[in-house]
Amino acid sequence: MIHSLFLINASGDIFLEKHWKSVVSRSVCDYFFEAQERATEPENVPPVIPTPHHYLISVLRHRIYFVAVIQSEVPPLFVIEFLHRVVDTFQDYFGVCTEAAIKDNVVVVYELLEEMLDNGFPLATESNILKELIKPPTILRTMVNTITGSTNVGEQLPTGQLSVVPWRRTGVKYTNNEAYFDVVEEIDAIIDKSGSTITAEIQGVIDACVKLTGMPDLTLSFMNPRLLDDVSFHPCVRFKRWEAERILSFIPPDGNFRLLSYHVSSQNLVAIPVYVKHNITFREGSSQGRFDLTLGPKQTMGKSVESVLVSSQLPRGVLNANLNPSQGTYTFDPVTKMLSWEVGKINPQKLPSLKGTMSLQAGASKPDENPTINIQLKIQQMAISGLKVNRLDMYGEKYKPFKGIKYMTKAGKFQVRT
Amino acid sequence: MLDSNKDSLKLEAMKRIVAMIARGKNASDLFPAVVKNVACKNIEVKKLVYVYLVRYAEEQQDLALLSISTFQRGLKDPNQLIRASALRVLSSIRVTIIVPIMMLAIKEAASDMSPYVRKTAAHAIPKLYSLDPEQKDQLIEVIEKLLADKTTLVAGSVVMAFEEVCPERIELIHKNYRKLCNLLIDVEEWGQVVIINMLTRYARTQFLNPNMNESLLEEGNDKAFYGSDDDEDEEEDEKDKKAEAPAMAKRKPYVMDPDHRLLLRNTKPLLQSRNAAVVMAVAQLYFHLAPKAEVGVIAKALVRLLRSHSEVQYVVLQNVATMTIKRRGMFEPYLKSFYIRSTDPTQIKVLKLEVLTNLANETNISTILREFQTYIKSMDKDFVAATIQAIGRCATNIGEVRDTCLNGLVQLLSNRDELVVAESVVVIKKLLQMQPEKHSDIIKHMAKLTDNIQVPMARASILWLIGEYCEHVPKIAPDVLRKMAKSFTNEEDIVKLQIINLAAKLYLTNSKQTKLLTQYVLNLAKYDQNYDIRDRARFIRQLIVPTEKSGALSKYAKKLFLALKPAPILESPFKDRDHFQLGSLSHLLNAKAGGYQELPDWPEAAPDPSVRNVEVPEWTKCSSREKRKEKKVEKPFYSDSEGESGPTESADSESDSASGLESGSGIEESGSGSESEESEEGSESEEEEEEEEKDKKKKKKELKKPVQESESEQSSEEEVRKHERKNKQRKSDSESESDEEDDSESESSRSESEDSESETEVKKKKKAAESKPPSKPVKKEKKEMSLLDLDDFEPAPSPQVTPVNTFLSSSLVTDLEGLSLSDTVLSPATTSPCSALKSYELLHRITGEGLCVEYCFSRQPFSPDGNMVAVQMQVTNNSTSDTKNLHMEDVKLQSGMRVKEFPEIELLPAGESATAVMGIDFCDSTQAANFQLCTHTRKFFVSIQPPVGELMRPVFLTENEFKKEQGQLMGMNEITEKLTLDAKCRNEHAIVQSVITAANLSRVPCGSDRECRFAGRTVTSGSLVLATVASKEEGAAQLTVNCEKMVIGTMLVKDILLALTQ
């Protein structure tokens, strides 16, 4: 399965290597660099690169390439998914997954990788188990360790490994017992030139932060579970119960985890929270182009639209943009031709607009492509699909937990074609 | 620092060394100093030393040997984590000398108490194998042993080892197949991927292609779809194969092996996994194994993955592209999910384009083309080029839009971007080749382009076009050649070749105008730097320019050059990829990767399915010794008499009982959980004793552990269940209500109301339900034919059902619940296992003036109304004249009773007979239903009086449920009678048969072979009827009937007594 792992930073340095079987020379990465050079954008590096003796499967996260070396047939998704899991674990341990963080904690990283794979086959990937085996580094712990000489490495086999609920640690204790759930929905949409929706769908997740003592058994029910078209669960969710009653019943892992991600069927009409009026034109012959953009709220159910960010990749011929925002600030990067406009909150009484001119390269002909406009936004206290959590109940423990549910709507891949 | 006494210093040193290793620096010269610390007490130092050892042991073999003894000691440590890590490191040290030590350690660890250590052992197997392949045989033994392991922890790892060491030894899987299927959902996600992939391969070798009929049907057009006569020859084995629904069976003789079905059913929930690899694995399993109608379920899950990281998208889209070629319909509803966003990476865009192109058909082409139009304006030029190619492919595939596409592409020729123009030219060339006559103006237009376009491929394409169709543009062609001749020396090689081609073709068609030009071009080519071009020039000159030497060939020059060329077929690069297993690396690369296991073709005939039957079903341990004996006795039913249907039967009965289970299990497991646990423990130890005789110590260890585990599992399960109890109870209530309806109806209604099954399944069921009424007579005939077989099977459910509530963890229970969902359609065929339907006379031949009517209680659920008893009537016309308009009239009933009349028989010719089915709701009484039977000439008064045994229908209960229910029906509701059994029916089998003949009850599994238990519900009120026959010495026996309705109870006792004593 996975033979070796190389971590490569944006400038092409291999700053960590780990081998699970016999050592593979790092020169194997040359094939990767070759492919990297061919690709114009960093994300265009093909995830799977065949070389004469090995196969390289890579993922790009946080501007670091995680390159796994494979020697024989293995499902590529298996490796990709595992690499992502590795990144998630690093993030979980160090807060961020940057080159600096990995270099600072290289020993912990090595211990983690050693536990996660055995002979190239995943061994323990649940973060709860790993945390029992190898305790995450904190300043306090490092100090205590240096004084007392105790270690970061657990001596006992994590109980989770053997139990029927491998994702949960035993003996969890909290003084404040709390369970928070965030329902976050993202709207993916493509809006065409005239403002009509080409495709729109809602992808949602329920992220949980559960800090409960003992072995609580939670059930979460929805007011309108039929809304959910397609769901994928954390392994802790009892599938049969969902099938039969549309209730989420689970023994939660300790800490943060993604309980559920779902998809709201595209049959339901998706409410589009904003509209965009745009007029981006280039006149033939002149070296000027007009740029006119106005945003306004559409179906927002009375909630205000916040943290709006508009960005657009302008045509290559554009030299500079001289624009005037009615609110917020805009930036234009003349190298990447990326225009971004931080709008902030949309005030329905006074609609934000961005107007002005773009200067084109002298003599260049009118660009025949139209930029697409990407929009990011946030709406608090609302799930755009209308999904509502009905109640959350806890069984199996006696105390009364503090429960909280938060809704939020975001724009996912929200594009307006012009 | 490594020599220091202080652990903290050692630790610091080791950390630095590990950091060096991580950076790829060589630290091998520190080996002796590090190895000394292998026995260090500090566990973190130890771990880091292990890391170091594994990294450098290969280079310093001699020194590495020093550490071995430490590991050997570690292998005996009481802490399982230390045992496991010692084995891990020991097996990771790639030193050939210690192979025997490793072998020994693996063997020992494979029978370790701790499943974690066993898992490590499974991991160690491929390591040792790669070190020394000669150990293969011994390793296979260990694998075989570990495959039989029942813990989910081990399953994934050992299958992994199996795949690496001996993927060809498929026979090792047979005995574990069902276990693996059932455990699957509880295995950790990485293991799931490996197991699913392996099972896909396995299934391909063991089961029949579920789509084989489809291909037959497609060829044999619609007629074959309805007319069953066509596949008569295949139908002969239909009887024992037992179709999903009788009506379906008529159409499709193929019947899925229940194990095949088991696999599909158990993998389906995994589509909901958060792990993309698992979802993909299930998707490929469905794609390769499922019947066409069911593959659709994977589309939704795959589309969901498109939201994931771009690498995941990349792989998924590759696979979707392959799938769309074969099964386009599957992804059509999700067309819009493949629309391209400007922010997608180019490789994703291109793949999405591929999928869109594959999905294009007459209905959606306009939307797709509109979408393509926006793509052409994109800034990403590579992507635009790909879009143009995609348009070309759409145009070739869909004739109607060819002209539109062509026009669109011609417009693109005026695009400012050269790349776009060039790509359009190439595509247009391909399109024109299909119908050149119509488009000479386009060719002319393109000829003009030669002045502007510089991209060699495009220039070459234009030249080729002009040459090929020079007769359509007779005036322009020589002119183009003239221009080209001028610039010949500056052209790219491919363009030069095409110029020569053009010259040659023109020379042949229009030699007057072009003779000199051709000569000139050929002369230029003769002195070209490229030898290909020189070669070509020489070759062409010999061919076309007649000289005295040139032989026969030049005569054929025209034919050679101006032959009609077939239009190119633009097809997807993913066309033939599906011979690779989807989701595999080889598929992604479209080349065989090392270690790739070919997906075998379906076998012509299914191999013997009985190999999967487990002798002593380890995963469904029987709760007592007697049970097992019973199982052994019944063994022949499975394998010999009807090899095929053995497993079907068991699956069926499970499914039937599962509906009972569903209502009961929740209560039962929490309520009487402790009780059953105790009994189970007792029986386990009993079993142990028995096992001891065979293989002493090992088995004992292994057995003991599962017991503990199951206990802990169950106790936790208990906790879980407790909360579910309330709900379950509510559910069971509602279920018992719905139970009053007949089986099939309640199934379908349940599925509708719960809405929990996938659409396909619901559909299937509906279909079955719909198709039932018309096919009824057919079914019944078949029924009678197979009655004898059926009766043999009757006791079969017992061994399969009992273990469920006593032993296994939730997974199995839920699996069984799952079984009920799709197999219920089978149940009508098996629920009424009466040996011979007793016929009663309704109308005698003489009183009926030649018309003779007999009726029997068919024990089939009466589908129009679940509260009615189905009465099957056999009408025979013995007279000499035809009977017309046979129908019912003037029905006289006791209050509450209802009758559903049979449809009028319009014509019954002399000597013929007909069957009709009517339903009577007897209101749980034995009052007769009186009515008149009318023909076109006469009326006969008749009456039907049911024996009490027919007023009930069987329900499946487990032993514990039975006991529980019986406990609730004590006192007044219990009637006990002593009796002496008739000499003929002293054995168990005979008792069962006579009771079941007397009353429509079903057998309840039971721990002792001296007792037979039966259960049923009355048809109208649904009150439970329980019967127990306990036989004693010399034919003495005791009959106990428990029933809420005392009248029914008393009458039933009488009837059964009669049946048993006669």
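The values are calculated or read from the model by the stated rules, or taken from the named source; none is laboratory data. Just so we're clear, the structure is a prediction, and the values are computed from it rather than from any experiment. Methodologically, a virtual Cβ is constructed for each residue, glycine included, from the backbone with ideal geometry; neighbour enumeration extends over all protein chains shown.
Counting the residues of region A:40-51 that are under 16 Å from A:R26 (Cβ atoms) and over 27 Å from the mean Cα position of the chain (by Cα) gives 1. Of the numbered criteria (1) within 11 Å of chain A (Cβ to nearest Cβ); (2) surrounded by fewer than 24 Cβ atoms within 10 Å (Cβ to Cβ); (3) of a type in the set (A, V, I, L, M), the one B:L172 fails is (1).
Among the residues making up region B:436-456, a single one is in a helix (DSSP H, G or I), surrounded by fewer than 17 Cβ atoms within 10 Å (Cβ to Cβ), in contact with an Asp or Glu (Cβ under 9 Å, 6 or more places away or on another chain) and at pLDDT 75 or above: B:P456. Looking across region A:395-418, the residues that are in contact with a Ser or Thr (Cβ under 8 Å, 6 or more places away or on another chain) and either within 30 Å of A:I191 (Cα to Cα) or not hydroxyl-bearing (S, T, Y) (or both) come down to A:E397, A:K413, A:Q415, A:V416, A:R417, A:T418. When region A:24-71 is limited to residues that are in contact (Cβ under 8 Å) with a residue 24 or more places away in the chain and among the small types (G, A, S), the one that is farthest from the other protein chains (Cβ to nearest Cβ) turns out to be A:A68. Give the residues of region B:274-296 that are free of Cβ contacts under 8 Å to residues at least 60 places away in the same chain and of a type in the set (F, W, Y), sorted by residue number. Within region B:274-296, B:Y286 is the sole residue that qualifies. Take the conditions (1) modelled with pLDDT of 90 or more; (2) more than 11 Å from every other protein chain (Cβ to nearest Cβ); A:L7 misses just one of them, which is (2).
Taking first residues from region B:124-151 that are in the same structural domain as B:G191 (by the TED database) and farther than 22 Å from B:N613 by Cβ and partners that are modelled with pLDDT of 85 or more and among the aromatic types (F, W, Y), the Cβ contacts under 9 Å between residues at least 6 apart in sequence or on separate chains come to B:I125/B:F162; B:P126/A:F121; B:Q135/B:Y129; B:K136/B:Y129; B:L139/B:Y129; B:I140/B:F162.
Taking region A:6-15 as the range and being within 28 Å of B:E164 (Cα to Cα) and surrounded by 23 or more Cβ atoms within 10 Å (Cβ to Cβ) as the test, only A:F6 passes. Of the residues making up region A:195-254, just one is facing chain B (nearest Cβ under 7 Å), out of contact with any Lys or Arg (no Cβ under 8 Å at 6 or more places or on another chain) and touching a residue at least 60 places away in the same chain (Cβ under 8 Å), namely A:D217. Within region B:350-379, track down each residue that is over 16 Å from B:S424 (Cα atoms), over 32 Å from the mean Cα position of the chain (by Cα) and assigned to a loop (DSSP other than H, G, I, E, B). Once the filter is applied, which keeps residues that are over 16 Å from B:S424 (Cα atoms), over 32 Å from the mean Cα position of the chain (by Cα) and assigned to a loop (DSSP other than H, G, I, E, B), region B:350-379 yields only B:M379.
Within the bounds of region B:130-145, is there any residue that is more than 30 Å from B:H579 (Cα to Cα), among the small types (G, A, S), in a helix (DSSP H, G or I) and more than 24 Å from the chain's Cα centre (by Cα)? Taking every residue of region B:130-145 in turn, none turns out to be more than 30 Å from B:H579 (Cα to Cα), among the small types (G, A, S), in a helix (DSSP H, G or I) and more than 24 Å from the chain's Cα centre (by Cα). Only one of the numbered conditions (1) within 12 Å of chain B (Cβ to nearest Cβ); (2) farther than 21 Å from A:Q380 by Cα; (3) polar (S, T, N, Q) is violated by A:N176, and that is (1). Residues that are more than 14 Å from chain A (Cβ to nearest Cβ), among the basic types (K, R), in contact (Cβ under 8 Å) with a residue 40 or more places away in the chain and surrounded by 17 or more Cβ atoms within 10 Å (Cβ to Cβ) do not occur anywhere in region B:410-429.
The numbered conditions (1) assigned to a helix (DSSP H, G or I); (2) among the polar types (S, T, N, Q); (3) within 23 Å of B:D382 (Cβ to Cβ) are all true for A:S58 except (1). Only a single item in (1) β-branched (V, I, T); (2) surrounded by fewer than 18 Cβ atoms within 10 Å (Cβ to Cβ); (3) in contact with a Lys or Arg (Cβ under 7 Å, 6 or more places away or on another chain); (4) within 13 Å of chain B (Cβ to nearest Cβ) is not met by A:T357, and it is number (4). Every listed requirement among (1) facing another protein chain (nearest Cβ under 10 Å); (2) at pLDDT below 85 is met by B:I21 save one, (2). Hey, among the residues in region B:505-545 that are loosely packed, with under 11 Cβ neighbours inside 10 Å and either at pLDDT below 80 or part of a loop (DSSP other than H, G, I, E, B) (or both), which one's nearest to the chain's Cα centre (by Cα)? The selected residue is B:Q529. Taking the conditions (1) more than 7 Å from chain B (Cβ to nearest Cβ); (2) crowded, with 23+ Cβ neighbours inside 10 Å; (3) assigned to a helix (DSSP H, G or I); (4) aliphatic (A, V, I, L, M) in turn, A:V87 satisfies each one other than (2).
Condition check ((1) among the aliphatic types (A, V, I, L, M); (2) within 12 Å of chain A (Cβ to nearest Cβ); (3) within 25 Å of B:V315 (Cα to Cα)) across all residues:
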position	(1), (2), (3)
B:Y334	no, yes, yes
B:D344	no, yes, yes
B:V350	yes, yes, yes
B:D380	no, yes, yes
B:E400	no, no, no
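None of A:K400, A:K388, A:K413 is within 13 Å of chain B (Cβ to nearest Cβ) and either over 20 Å from A:G302 (Cβ atoms) or more than 21 Å from the chain's Cα centre (by Cα) (or both) except A:K413.
Meeting the requirement of 2 or more residues that are surrounded by fewer than 22 Cβ atoms within 10 Å (Cβ to Cβ) and more than 10 Å from chain A (Cβ to nearest Cβ), the helices (runs of 4 or more DSSP H) wholly within region B:26-126 are B:31-35, B:61-64, B:68-74, B:99-110.
Between a residue in region A:399-414 that is under 22 Å from A:V274 (Cβ atoms) and any residue that is surrounded by fewer than 16 Cβ atoms within 10 Å (Cβ to Cβ) and among the aromatic types (F, W, Y), which pairs come within a Cβ distance under 9 Å, given they are 6 or more apart or on different chains? Within 9 Å, the pairs are A:K406/A:Y180. Only residues that are part of a loop (DSSP other than H, G, I, E, B), within 16 Å of the chain's Cα centre (by Cα) and within 11 Å of chain A (Cβ to nearest Cβ) were counted in region B:277-315, giving 0.
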